[in-house]
Amino acid sequence: MIEDSIQELESRSLARIQSAASPGELEAVRVEALGRKGTLALIGKEMGKLAPEDRARVGKLLNGAKQKLEAAFEARQRQDAGAALRARLDAEWLDLTLPAPGPRRGYLHPITQIQRELEELFVSLGFTVLDGPEVEDEYHNFDALNIPATHPARDMQDTFWLDGGKLLRTHTSPVQVRGMERLGPPLRMIAPGRVFRNESVDASHEHTFYQLEGMMVDRDVSVAHLLFFMKTLLTAIFHREVTVRLRPGYFPFVEPGFELDIQCLICGGPGCPVCKQSGWVELLPCGLVNPNVLRMSGIDPEQWGGFAFGLGLTRLAMMRYQIDDIRHLQGGDLRFLEQF
Ligand code: PHE
């Protein structure tokens, strides 16, 4: 009888090992038959009750069943592992002959595009492109531009002061001073670059923005020269006629000084956040270089005259591309930048 149950257990377990549908089911069969408290172990315990002459025979049968089941179990495990590997190899493959995905194409920032365009224009008009430090000293940012410490014009530009009396330049005009000092007259130069003002940020104000200032120093420079270059500049920028107006403007480094406004290209006149509802955008402060400024940079105002202008590149980019919020420009959002 005990032999019958061993044989029955063996064939039943073998069948279940074959038909197990998952590793979990297979393991359950193993524990049930071969485990420490499994059926074979239970039968083993019964051995003691057998007549001594039966023990060897039954023991052999029991061991045989155990070995067969263990072998079947391992074979099934190997088979499963092989099938799993084949399935994985079928599913996960790498085509090494496929071309690699192309490099992602970059975009020039709209301000960079405008800056390069204007550099090209001015170079074609005989101007040199000059660069200067973003961390400036007080002399070049203010004093040499006829803005002494006590001058109220200093309050027009909220300055980021640094340790040791240095500052973040509030305009690119200090580069003009450096240009006059280094190159002397006659001089045609532009200075594009980043400038900083301690302003609270909103749709039309940033603490960091871009300017392009320019200057020409030569004999007999007049307002007519200034206007010629400003008109050439605006036509090149907007590729069309823009409506402009000229107002007197005060800057300590020019005399006379002007504000050249253009009609807002975003709303076309009725008013919007960019033009602060006025219909006009201040675009181009300019004027004839104040004789004091020439003198401080070692140029004799009796012999030489000049004009200077300052162009807000950031504002210009906003006008050109109809961007209604200045914060987009430095936001670093690729979805924005990919449009240009
Ligand atoms: N530097 C002036 C500013 O940033 C702009 C300016 C330049 C005005 C040249 C007149 C002439 O405010």
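The values are calculated or read from the model by the stated rules, or taken from the named source; none is laboratory data. These figures come from a predicted structure and were not determined experimentally. Cβ: placed from backbone, ideal geometry, glycine included. Neighbour counts: every protein chain shown. Note: accessible area is taken over every heavy atom of the protein model, side chains too, but ligands, DNA and RNA are not part of it. Shrake-Rupley method; radii C 1.70, N 1.55, O 1.52, S 1.80 Å.
Remarks
- Qualifying residue in segment 75-86 (condition: open to solvent by 90 Å² or more (accessible area, probe 1.4 Å), among the acidic types (Asp, Glu) and not assigned by TED's automatic domain parsing to the domain that holds residue 333): no
- Residue list for segment 316-333, restricted to those being in a helix (DSSP H, G or I), open to solvent by 70 Å² or more (accessible area, probe 1.4 Å) and in contact (Cβ under 8 Å) with a residue 12 or more places away in the chain: 327
- Filtered by the rule that a residue be open to solvent by 10 Å² or more (accessible area, probe 1.4 Å) and β-branched (Val, Ile, Thr), segment 133-148 gives a lone residue, 135.
- Of all residues in segment 302-315 being within 16 Å of the ligand (Cβ to nearest atom) and not in a strand (DSSP E or B), the one that is most open to solvent (accessible area, probe 1.4 Å): 315
- Residue 211 being of a type in the set (S, T, N, Q), outside any strand (DSSP E or B) and assigned by TED's automatic domain parsing to the domain that holds residue 280: no
- Single unsatisfied condition, residue 250 versus (1) open to solvent by 40 Å² or more (accessible area, probe 1.4 Å); (2) assigned to a strand (DSSP E or B): (2)
- Check on residue 294, outside any loop (DSSP other than H, G, I, E, B), surrounded by 18 or more Cβ atoms within 10 Å (Cβ to Cβ) and at pLDDT below 95: no
- Of the listed requirements (1) assigned to a loop (DSSP other than H, G, I, E, B); (2) open to solvent by less than 60 Å² (accessible area, probe 1.4 Å); (3) touching a residue at least 40 places away in the same chain (Cβ under 8 Å), residue 114 misses just one: (1).
- In the set 179, 165, only one residue is open to solvent by less than 60 Å² (accessible area, probe 1.4 Å) and under 25 Å from residue 233 (Cβ atoms); that residue is 179.
- Residue, surrounded by the fewest Cβ atoms within 10 Å (Cβ to Cβ), within segment 214-228, restricted to residues that are touching a residue at least 24 places away in the same chain (Cβ under 8 Å) and more than 17 Å from residue 176 (Cα to Cα): 220
- Within segment 6-19, considering residues that are open to solvent by less than 60 Å² (accessible area, probe 1.4 Å) and within 14 Å of residue 60 (Cα to Cα), the one farthest from the chain's Cα centre (by Cα): 6
- Count - residues of segment 190-199 that are within 12 Å of the ligand (Cβ to nearest atom) and either farther than 14 Å from residue 133 by Cβ or of a type in the set (D, E, K, R) (or both): 2
- Residue among 228, 258 that is assigned by TED's automatic domain parsing to the domain that holds residue 192, within 11 Å of the ligand (Cβ to nearest atom) and aromatic (Phe, Trp, Tyr): 258
- Test: residue 159 is touching a residue at least 12 places away in the same chain (Cβ under 8 Å), within 10 Å of the ligand (Cβ to nearest atom), assigned to a loop (DSSP other than H, G, I, E, B) and of a type outside the set (A, V, I, L, M, F, W, C): no
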